[in-house]
Amino acid sequence: MTSLTPNKARANLESLYRIFTVPEAPDSTLGAIDQAISDDVTGFLQTHIVAIERNLEEIEANFSSSAIPEEPTYVSEYTEFVKENLVAHSVHTAAPGFVGHMTSALPYFMLPLARVMTALNQNLVKVETSKAFTPMERQVIAMLHHLVYRRDDDFYPSWIHNSQHALGAFCSGGTIANVTALWVARNRLFPPDGDFRGIAREGLARALKHSGYEGIAVLVSERGHYSFGKATDLLGIGRDHLIKVNTDENNRIDLKLLRLACRRLQDENIRPLALVGIAGTTETGNIDPLEAMADFAQEIDCHFHVDAAWGGPTLFSDRYRRLLAGIERADSVTIDAHKQLYVPMGAGMVVFKDPTALSAIEHHANYILRHGSKDLGSHTLEGSRPGMAMLVHAGLSIIGRKGYELLIDMGIERAQTFAAMIRQHPDFELTSKPELNILTYRYCPGAIQQILADATAEQAAVVNSLLDQVCQLLQKSQREAGRTFVSRTRLHTAGYAEELTVLRVVLANPLTTDEILASVLAEQCEIVQQPEIQALLRQIDEL
Ligand SMILES: *Cc1c(COP(=O)(O)O)cnc(C)c1O
């Protein structure tokens with residue numbers, strides 16, 4: 001059996017046994033990568049992710065076979081494949097010039113701790129497969145609950161480790177957190193009542209019949225995250241009953257229109273199930289008037305959910321916490337950990353003001369999740385879950401409230417700096433002022449801004465549609481060049497009747513400097529010299 005090496009998995013038992021027991025040699029391909037990411041993950045990403053974008057069709061060619069490999073292969077051979085075809089053509093989300101999305105650099109300790117997590121391979125669905133991880137996750141949820149609701153210290157001891165209840169649910173991200181919040185709201189709206197055994201047992205059709213409503217609806221501003229569309233579909237509410245209320249010039253829900261929308265629902269005998277306030281919209285980072293929304297939710301007796309997936313950690317900041325005033329009145333709040341808590345992808349949370357709220361979705365099974373157990377799985381949508389809470393616990397412990405405060409303050413202040421740079425630049429137009437650390441802008445030289453100022457609505461529409469094309473080409477070209485990255489979206493902005501294509505910047509990476517931001521604009525000024533873009537700009541001049 002001399003031909004057997006530890007990294008070779010031949011289809012025989014002895015060899016398979018080795019993959020479970022013998023670690024990869026340090027001088028093997030995988031061992032070397034392992035060492036490299038341990039020594040210097042930043043350096044590893046910089047050297048191994050190639051900057052030039054290969055088009056997706058070319059990459060797809062390496063992933064086109066639907067046949068499961070018949071024969072085992074060498075770990076080293078496979079690792080080579082990963083290096084060349086996955087690592088090399090992945091996206092350098094940690095790069096300080098990657099300011100277009102909500103994914104940023106990670107603190108170095110996340111990587112080795114994530115390995116510890118994987119090595120332990122706990123399953124948080126139940127205590128039997130997670131033991132200490134269950135109280136640890138419950139503590140993390142209590143910490144976030146405290147961040148939002150600031151209940152007295154004597155509130156928590158009776159709830160953190162309560163076998164009947166959970167203060168919130170840990171999940172894979174904001175989407176599941178939002179679904180969970182609306183699921184709870186839905187079930188609480190139709191509890192058991194006399195002969196009716198509750199919506200959880202009898203379903204929505206019977207719940208409506210029992211209550212006499214024609215339907216139920218969720219109200220959120222037009223900036224609401226697309227996860228609410230999924231949630232309303234999934235929960236039987238129907239996407240048409242996700243009412244998207246227009247925003248004011250600051251991308252905040254228009255309260256008059258909200259009131260109007262509710263009246264219209266009433267006329268149709270549709271019951272508002274939940275009102276959703278956003279604390280940090282995904283596209284512009286603005287915050288809804290949470291205090292006023294809490295008042296209104298109270299007035300119409302409806303669940304008030306705040307989607308603070310992005311902006312929640314602003315609560316760490318003494319200076320900016322006030323922006324979220326009113327969040328403590330929400331019945332439920334979503335916070336993503338894989339965004340501004342700087343945890344790797346796959347961690348979100350929802351917390352509930354009422355510590356018994358999650359009972360509305362409680363589920364038990366005989367072999368696990370027994371009544372009276374502390375199993376977290378009885379109060380989560382997901383079943384088996386990894387020990388990700390450990391990484392949130394690590395962040396909260398190592399970075400601490402004050403550390404997160406610095407990160408938050410720095411991001412908001414950098415966004416203000418960048419907004420000032422854009423305002424001062426003759427060729428750019430700021431399309432949404434940063435309230436947190438997100439802003440949007442577009443390429444629109446002073447001369448064209450002047451044309452727009454004097455234009456009729458029809459003329460402006462033509463100019464804007466040409467600028468939309470400029471923006472689109474510009475963003476695409478910058479992404480392909482791979483030096484810096486901003487994203488793009490389409491938005492209604494103050495001053496224009498039509499939606500505009502705008503560039504979107506998210507400033508959460510502490511390694512992003514003002515110089516890098518200046519270079520983003522400089523690169524864009526170079527890109528617009530491309531003939532295709534110049535042709536579009538000439539069309540505007542010739543109008
Ligand atoms: C990111 C985000 C979500 C969705 O979270 P995922 O973690 O991507 O599922 C929901 N709402 C807001 C405001 C977000 O920014």
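Read-outs: derived from the displayed coordinates by stated rules, not from any lab. This is a predicted model, so every value here is computed, not measured. Cβ coordinates were reconstructed from backbone atoms using ideal geometry, including for glycine residues, and neighbour counts include every protein chain displayed.
Here are the numbers for the structure shown:
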read-out	value
Virtual paramagnetic centre 7 Å along Cα→Cβ of GLU526, amide N under 16 Å, in segment 438-476	474-476
Estimated FRET transfer efficiency when R0 is 35 angstrom, pair ARG197-LYS131 (beta carbons, to 0.05)	0.50
Within straight-line cross-link reach of LYS256, lysines at Cα separation under 19 Å, skipping those fewer than 8 residues along the same chain	LYS244
Surrounding net charge for GLN266, when Lys and Arg each add one and Asp and Glu each subtract one, Cβ distance under 11 Å	+1
Within straight-line cross-link reach of LYS374, lysines at Cα separation under 26 Å, skipping those fewer than 8 residues along the same chain	LYS126, LYS131, LYS353
Net +/- balance of residues flanking PRO157 in space, Cβ distance below 13 Å, scoring K and R +1, D and E -1	-1
Cα radius of gyration and Dmax for the chain (Å)	25.9, 84
³J(HN,Hα), Karplus 6.51/-1.76/1.60, whole Hz, each residue of segment 312-324, x for Gly, Pro	x, x, 4, 5, 6, 8, 4, 6, 10, 3, 4, 4, 9
Part-to-part distance (alpha-carbon centres) for segment 236-315 and segment 436-453, which is given in Å	29 Å
Those trypsin sites (Lys or Arg not before Pro) in segment 86-173 that DSSP places in a loop and that have at most 15 other beta carbons within 10 Å	LYS131, ARG150
GLU499-GLU84 FRET efficiency (beta carbon distance; Förster radius 51 Å; 0.05 resolution)	0.80
Cβ charges +1 (Lys, Arg) and -1 (Asp, Glu), total dipole of the chain, debye	1500 debye
Karplus-derived 3J(HN,Hα), 6.51/-1.76/1.60, for each residue of segment 101-110, Hz, glycine and proline x	10, 8, 9, 10, 5, 10, x, 4, 6, 4
Cβ-derived FRET efficiency at R0 30 Å, PHE63 paired with PHE20, nearest 0.05	0.65
Spin-label model distance (nm) - ALA457 vs LEU111, 7 Å beyond Cα toward Cβ	5.6 nm
Global geometry of segment 6-90, whether rounded, prolate or oblate, following the gyration tensor of its Cα atoms and the 1.5 cut on a/c	oblate
In order through segment 288-293: 3J(HN,Hα) via Karplus (6.51 cos²θ - 1.76 cosθ + 1.60), integer Hz, x for Gly, Pro	5, x, 5, 4, 5, 5
Potential extension, LEU204-GLN298 segment - 0.36 nm per residue separation minus Cα distance	31.5 nm
Label-to-label distance, nm, for residues given as LEU543 and ASP27 (7 Å Cα→Cβ offset)	6.8 nm
Where only alpha carbons of segment 410-541 are counted, the Rg and the Dmax (Å)	14.3, 44
DSSP-loop chymotrypsin sites (Phe, Trp or Tyr not before Pro) across segment 90-157, with at most 13 other Cβ within 10 angstrom	TYR108, PHE109
Square roots of 5 times each gyration tensor eigenvalue, C-alpha, segment 90-137, largest first, Å	31, 11, 9
Residues whose placed amide H lies under 5 Å from that of ASP375, excluding near-sequence neighbours	VAL127
Segment 28-70: GluC sites (Glu not before Pro) falling in loop per DSSP and having at most 12 other Cβ within 10 Å	GLU70
Expected 222 nm ellipticity per residue - DSSP helices of 4 or more, -39500 (n - 2.57), all of the chain, to 500	-13000 deg cm²/dmol
Charge dipole (segment 6-90, unit charges on Cβ, about Cα centre) - positive-most of VAL41, THR21, ALA61	THR21
Potential extension, THR489-GLU71 segment - 0.36 nm per residue separation minus Cα distance	145.9 nm
